[in-house]
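Taking it in order: structure first as structure tokens, then the write-up.
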Amino acid sequence: MKILIINGGSSSFKYQLIEMDTESVLAKGLAERIGLEQGKITHEYWKNGEKYKVSKEMHFDNHEVAFKEMAAYLTDNEVGVIKSINEVKYIGHRGVHGGKYTTPKRVTPEVMEELRKGIPLAPLHNPANIIGIEAAMKTFPKETENFVVFDTAFHQTMPERAYRYAIPNHYYTEDRIRVYGFHGISHKYVDARTRRHFNNPHMKNITLHLGNGASMAAVNEEGHCIDTSMGFGPGDGLIMGTRAGNIDSTVIFFLGEKGLSTQEISKILNSESGMKGLIGSPDARDLETLVNQNDPKGNLCLDMYAYRVKKFIGAYMIALGGVDSLIFTAGIGENSAMIRKAVCEGLETFGIKIDPDKNKQLNHPSDIVEIQASDSKVKIVIVATNEELQIARDVLSLV
Ligand code: AMP
């Protein structure tokens, strides 16, 4: 059985066609700059174990036009991997904000209505999601079923004490202001991968999704998320590529009183802060370069970044009543030995001890690698996240 995964944005989308019998990727690609003058679609496919890549620059009037190009690539005689789009029986869409939904959903008019109702909660993501689902429904046959798997769903098991804000109750009951949490598909995937690796379904895990956006989650012995660092939106918690993370609301009022509009303040906190605000670049590779040059701004940024992560590790060890493993994932978590080391440094008293050589080793042979020292009480692992496969598994569980 083949499942097509769509991870859609407002002017682009990524796709992956997965053969579920072997959980292998047949083809994947990216359509970008949709609606702009010059768009591009890049298509990668595997044949006899070899990977190939083709791309084409063209104008896409809208998502539907780009979806048709994707379908043409998938079914092409040369670069295609299926004979007809009828072979795609199921499509799984990544949904960023699922509002009240705790589980993946088959797309129905009610689900579309809920996504529309959720636009004020996720003004950037939900419209893109809706556009992607509608384009898929127009491109693929009526029999093809669409599903949406939400990034917020994994966090819906949090207890009320963790997801409520201490503001007047009616903002929760009427405006649905609460902690939702994000990156849930990734947190769920890496947590499950780690349990399988240790053959232990009853672990207490702390997952660290450290990418351009970054969040952490505390996952209890039952595999349920009990707390997470992002909140009502993706702005809370850790220091990120361009987001500030935790900040006192007084700063926002102060900037407002200085005459900045809400849009300007939002731009500062979401697009100009985090690593970018501290070192001028949102990229951890640039941070590493600066630290290697002993640059004071770089050193401070690394120190602040790691300190913030450590505070959440401490909080989640308390919330979970201990921890069995720390799980690093996403662009930084999977690639930056410097940041993993800085995060674990000083936590030896709490049984967290990294092996410096294993941490530095490149080109890990497996999608999960243990990097704790032999006398570390807590396991420390790097897991290559695979959100597309998690979406596909969630879809499979429904059909
Ligand atoms: P993601 O959002 O998960 O795609 O992560 C993207 C981020 O990962 C980039 O902005 C970099 O900060 C970081 N990153 C990617 N590759 C590396 C690398 N080789 N070393 C250090 N950081 C990396």
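Can you confirm whether GLU87 is under 24 Å from VAL148 (Cα atoms) and in contact with a helix residue (DSSP H, G or I) (Cβ under 9 Å, 6 or more places away or on another chain)?
Taking the combined requirement at face value, the residue satisfies it.
Can you find even one residue in the stretch 40-50 that is of a type in the set (S, T, N, Q) and out of contact with any helix residue (DSSP H, G or I) (no Cβ under 8 Å at 6 or more places or on another chain)?
Yes: the stretch 40-50 contains one or more residues that are of a type in the set (S, T, N, Q) and out of contact with any helix residue (DSSP H, G or I) (no Cβ under 8 Å at 6 or more places or on another chain).
Please verify whether ARG308 is modelled with pLDDT of 95 or more, of a type in the set (Lys, Arg), within 12 Å of the ligand (Cβ to nearest atom) and under 28 Å from ASP367 (Cβ atoms), treating the condition exactly as stated.
no
Just checking, which of VAL343, VAL369, VAL378 is among the aliphatic types (A, V, I, L, M), within 25 Å of GLU222 (Cα to Cα) and out of contact with any Gly (no Cβ under 6 Å at 6 or more places or on another chain)? Walk me through it before giving the result.
Numbers: VAL343 fails: within 25 Å of GLU222 (Cα to Cα); VAL378 fails: out of contact with any Gly (no Cβ under 6 Å at 6 or more places or on another chain).
So the residue among VAL343, VAL369, VAL378 that is among the aliphatic types (A, V, I, L, M), within 25 Å of GLU222 (Cα to Cα) and out of contact with any Gly (no Cβ under 6 Å at 6 or more places or on another chain) is VAL369.
For the structure I just gave you, tell me whether MET317 is in contact with a Pro (Cβ under 6 Å, 6 or more places away or on another chain) and modelled with pLDDT of 95 or more. Quick ask: steps written out before the conclusion?
Values: in contact with a Pro (Cβ under 6 Å, 6 or more places away or on another chain): no; modelled with pLDDT of 95 or more: yes.
Spelling it out, it is not the case that MET317 is in contact with a Pro (Cβ under 6 Å, 6 or more places away or on another chain) and modelled with pLDDT of 95 or more.
Within the stretch 330-354, count every residue that is out of contact with any strand residue (DSSP E or B) (no Cβ under 7 Å at 6 or more places or on another chain) and more than 12 Å from the ligand (Cβ to nearest atom).
Looking only at that region, the number is 9.
Looking at the structure I just gave you, is GLU113 within 30 Å of HIS155 (Cβ to Cβ) and surrounded by fewer than 23 Cβ atoms within 10 Å (Cβ to Cβ)?
Yes.
When SER271 is evaluated against the numbered criteria (1) at negative phi; (2) exposed (fewer than 15 other Cβ atoms within 10 Å of the Cβ); (3) modelled with pLDDT of 95 or more, which criterion, by number, is the only one it fails?
Unmet for SER271, out of (1) at negative phi; (2) exposed (fewer than 15 other Cβ atoms within 10 Å of the Cβ); (3) modelled with pLDDT of 95 or more: (3).
Tell me, which residue of the stretch 324-340 that is within 18 Å of the chain's Cα centre (by Cα), part of a helix (DSSP H, G or I) and not acidic (Asp, Glu) is nearest to PHE312 (Cα to Cα)?
Among them, the one singled out is GLY333.
May I ask you to verify whether ASP324 is of a type in the set (Asp, Glu), more than 16 Å from the ligand (Cβ to nearest atom) and surrounded by 13 or more Cβ atoms within 10 Å (Cβ to Cβ)?
So ASP324 fits the description; yes.
Just to be sure before I move on: is GLU288 surrounded by fewer than 22 Cβ atoms within 10 Å (Cβ to Cβ), within 16 Å of the ligand (Cβ to nearest atom) and outside any strand (DSSP E or B) in the structure I sent?
Answer is yes for this residue.
I need a count of the residues in the stretch 45-83 that are surrounded by fewer than 18 Cβ atoms within 10 Å (Cβ to Cβ) and part of a strand (DSSP E or B).
11
Restricting the first residue to the stretch 216-228 and requiring it to be assigned to a loop (DSSP other than H, G, I, E, B), which pairs with a second residue that is surrounded by fewer than 16 Cβ atoms within 10 Å (Cβ to Cβ) meet a Cβ separation below 6 Å and a spacing of at least six or different chains?
Close Cβ pairs satisfying both conditions: GLU221/HIS202.
Is there any pair with a first residue in the stretch 318-340 that is farther than 25 Å from LEU300 by Cβ and a second that is near the ligand (Cβ under 8 Å from one of its atoms) whose Cβ atoms are under 7 Å apart and which are 6 or more apart or on different chains, and what are they?
THR329/HIS209; THR329/THR385
In this structure, does GLU110 turn out to be of a type in the set (Asp, Glu) and more than 30 Å from GLY235 (Cβ to Cβ)?
Values: of a type in the set (Asp, Glu): yes; more than 30 Å from GLY235 (Cβ to Cβ): no.
Considered against the rule, which asks whether it is of a type in the set (Asp, Glu) and more than 30 Å from GLY235 (Cβ to Cβ), GLU110 comes out as no.
Checking the condition acidic (Asp, Glu), in a helix (DSSP H, G or I) and either under 30 Å from ARG195 (Cβ atoms) or within 16 Å of the ligand (Cβ to nearest atom) (or both), which residue from ASP303, ASP357 passes?
ASP357
Which condition number does SER10 fail, the rest of (1) surrounded by fewer than 16 Cβ atoms within 10 Å (Cβ to Cβ); (2) modelled with pLDDT of 95 or more being met?
The single condition SER10 does not satisfy is (2).
Across the stretch 167-221, what is the total count of residues that are in contact with a Gly (Cβ under 8 Å, 6 or more places away or on another chain) and farther than 27 Å from HIS93 by Cα?
So the count comes out to 2.
Report the residue count in the stretch 164-213 for those that are surrounded by 12 or more Cβ atoms within 10 Å (Cβ to Cβ), in contact (Cβ under 8 Å) with a residue 12 or more places away in the chain and part of a loop (DSSP other than H, G, I, E, B).
Restricting attention to the stretch 164-213, the residues satisfying the condition of being surrounded by 12 or more Cβ atoms within 10 Å (Cβ to Cβ) are 164-165, 171-172, 175-195, 197-198, 200, 203-213.
Checking the rest, the ones that are also in contact (Cβ under 8 Å) with a residue 12 or more places away in the chain come to 164-165, 176-195, 197-198, 200, 203-213.
Then drop every residue that is not part of a loop (DSSP other than H, G, I, E, B), which leaves 164-165, 176-183, 198, 200, 203-204, 211-213.
Residues meeting the conditions: 17.
Do we find a residue being at pLDDT below 95 and more than 16 Å from the ligand (Cβ to nearest atom) anywhere in the stretch 233-255?
yes
Please work out if HIS224 is under 20 Å from the mean Cα position of the chain (by Cα), within 16 Å of the ligand (Cβ to nearest atom) and within 23 Å of ARG94 (Cβ to Cβ).
Criteria not met by HIS224.
Only one of these conditions is not met by ASN363: (1) within 16 Å of the ligand (Cβ to nearest atom); (2) at negative phi; (3) surrounded by fewer than 18 Cβ atoms within 10 Å (Cβ to Cβ). Which number is it?
Checking ASN363 against (1) within 16 Å of the ligand (Cβ to nearest atom); (2) at negative phi; (3) surrounded by fewer than 18 Cβ atoms within 10 Å (Cβ to Cβ), the one that fails is (2).
The values are calculated or read from the model by the stated rules, or taken from the named source; none is laboratory data. All values derive from a computational prediction rather than experimental measurement. Backbone-built Cβ (ideal geometry, glycine too); neighbour counts: all protein chains shown.
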